[in-house]
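A.B. asks: Structure provided below as structure tokens; questions to follow.
Every number here is computed from the coordinates shown, using simple stated rules; none is lab data. What you see is a predicted model, and the numbers here were worked out from it, not measured in a lab. Cβ placement follows ideal geometry from the backbone for every residue including glycine, while neighbour counts extend to all protein chains displayed.
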Amino acid sequence: MGKLDGRVVLISGAARGQGEQEARLFAAEGARVVIADVLDEQGEALAKELGEDAARFVHLDVSREDEWQAAVAAAKDTFGRIDGLVNNAGILRFNELVTTPLEEFQQVVQVNQVGAFLGIKIVAPEIAAAGGGTIVNTASYTGLTGMAFVGAYAATKHAVLGLTKVAAVELAAKGIRVNAVCPGAVDTAMTNPAALDPTADPEESRAAVAELYRKLVPLGRIGQPEEVAALALFLTSDDSSYITGQPFVIDGGWLAGVSLF
Ligand SMILES: NC(=O)c1ccc[n+]([C@@H]2O[C@H](COP(=O)([O-])OP(=O)(O)OC[C@H]3O[C@@H](n4cnc5c(N)ncnc54)[C@H](O)[C@@H]3O)[C@@H](O)[C@H]2O)c1
């Protein structure tokens with residue numbers, strides 16, 4: 001018996017990183033997963049690896065309403081229904097607020113904030129039609145506090161928590177629970193862009209990132225995407241049946257206070 005037997009869950013941004021680990025864990029727990037991303041090659045390869053009974057890939061740019069509609073249609077065509085959503089897709093840009101180009105701010109809003117809004121708007125009626133289910137939004141540590149150079153990103157992640165609370169209140173009567181994960185630093189391409197740069201040494205930069213979080217985070221290390229996937233599983237499964245509208249911080253203690261060790 002898996003914790004998600006019989007469930008059909010769409011995960012945005014699932015071609016790599018945390019979304020990929022969520023897709024792998026949810027499939028292992030019995031769900032059929034819809035891997036939705038702009039990275040077609042990686043998404044297709046992951047769906048193939050998980051097998052056609054467990055997964056399918058759909059191309060989805062979360063900032064486009066027509067692509068959400070097409071993704072939902074494709075998911076229903078394959079698996080008959082959708083009763084879970086993980087709004088995981090996101091982008092990060094570093095800039096001081098006073099030097100952030102308007103286009104950059106708007107790009108981050110389009111993906112992180114509008115993307116999560118559209119996911120709720122388009123998928124929640126499908127979940128309601130399936131008899132209820134869950135939505136997990138991916139916010140951030142920076143959805144709860146500030147951090148220099150990530151103004152656009154932090155603004156969108158605060159907004160995701162606002163969306164989470166309103167959606168939880170509006171959708172409770174339809175049997176849909178809505179919660180958010182707020183990861184601190186997680187070991188993915190987002191924290192280590194050199195992993196995607198063929199001219200860089202990914203291990204060298206990974207070691208530098210790891211050393212930074214060894215000092216900053218009370219638990220003394222960066223988080224792993226599998227650990228965030230385990231939290232998303234909890235919030236998607238019946239284990240969290242009396243929980244809705246809440247942000248769940250998963251950060252090794254970073255938000256609790258500064259580590260001096
Ligand atoms: N890595 C961290 O330290 C960290 C911390 C807090 C929150 N987060 C959040 O976790 C989520 C997952 O990030 P990650 O760490 O796995 O990074 P990642 O960059 O490896 O994964 C992000 C995924 O989103 C996809 N994506 C980007 N724009 C998209 C779009 N317009 N439409 C569809 N998909 C799109 C990417 O292709 C990628 O597969 C993001 O929302 C991110 O903001 C990450």
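A.B. asks: Relative contact order of the chain: what whole-number percent is it, with Cα pairs under 8 angstrom and at least 6 residues apart?
C.D. replies: Details: 541 pairs, mean separation 46.8, N = 261.
Once normalised by length, the contact order is 18 percent.
A.B. asks: Let me ask something else. Assuming R0 = 25 Å, what is the FRET efficiency of Y242 and A128, from their Cβ-Cβ distance, to the nearest 0.05?
C.D. replies: 0.80
A.B. asks: Work through the residues other than E203 whose Cβ is under 14 Å from its Cβ and net out their charges, Lys, Arg +1 and Asp, Glu -1.
C.D. replies: Numbers: positive: R206; negative: D187, D197, D201, E204, E211.
That sum, taken over residues with Cβ under 14 Å, equals -4.
A.B. asks: Further, regarding this structure: Can you give the Rg/Rh ratio of region 157-196, where Rg is from the C-alpha atoms and Rh is the Kirkwood radius?
C.D. replies: 1.22
A.B. asks: Here's another thing I want to ask about it. Find, among the chymotrypsin sites (Phe, Trp or Tyr not before Pro) in region 84-140, those assigned to loop by DSSP (not H, G, I, E, B) with at most 14 other beta-carbon atoms within 10 angstrom.
C.D. replies: Filter output for region 84-140: F94.
A.B. asks: Does region 38-92 come out rounded, prolate or oblate, given a ≥ b ≥ c as the square roots of the eigenvalues of its C-alpha gyration tensor, rounded meaning a/c under 1.5 and, failing that, prolate meaning a/b above b/c?
C.D. replies: Oblate is the answer for region 38-92, as a/c is 1.5 or above yet b/c matches or exceeds a/b.
A.B. asks: What is the Cα radius of gyration of the chain over 2.2 N^0.38 Å, N being its residue count?
C.D. replies: Dividing the Cα Rg of the chain by 2.2 N^0.38 Å gives 0.97.
A.B. asks: Compute the length gained on full extension between V169 and E203: take 0.36 nm times their separation in residues and subtract their Cα-Cα distance, giving the result in nm to one decimal.
C.D. replies: Length gained, V169 through E203: 7.8 nm.
A.B. asks: List every residue whose amide H lies under 5 Å from the amide H of F248, counting only residues 5 or more places away in sequence or on a different chain, with H placed 1.01 Å from N in the peptide plane.
C.D. replies: Excluding prolines and chain starts, which carry no amide H, the hits are A180, V181, C182.
A.B. asks: Just the Cα atoms of region 56-155, one point each, no solvent: what log10 I(q)/I(0) does Debye give at q = 0.15, 0.19, 0.21, 0.23 Å⁻¹?
C.D. replies: Taking Cα atoms of region 56-155 as identical point scatterers yields -0.65, -0.90, -1.02, -1.14.
A.B. asks: Write down the Kirkwood hydrodynamic radius of region 105-211, to one decimal in angstroms, obtained as one divided by the mean of 1/r over all alpha carbon pairs.
C.D. replies: About 15.4 Å for region 105-211.
A.B. asks: Which helices of the chain meet both criteria: a Cα extent of 24 Å or more along the helical axis and a mean Kyte-Doolittle score no lower than 0.5, with helices taken as whole DSSP H segments?
C.D. replies: Both cut-offs are met by 151-171.
A.B. asks: Give me the mean projected area, in nm² to one decimal, of the convex hull enclosing the Cα positions of region 1-111.
C.D. replies: Working: hull surface 29.5 nm².
Mean projected area of the Cα convex hull: 7.4 nm².
A.B. asks: Over 20 Å apart: what share of the alpha carbon pairs of region 171-261 falls there, rounded to a whole percent?
C.D. replies: Across region 171-261, Cα pairs with separations above 20 Å total 48 percent.
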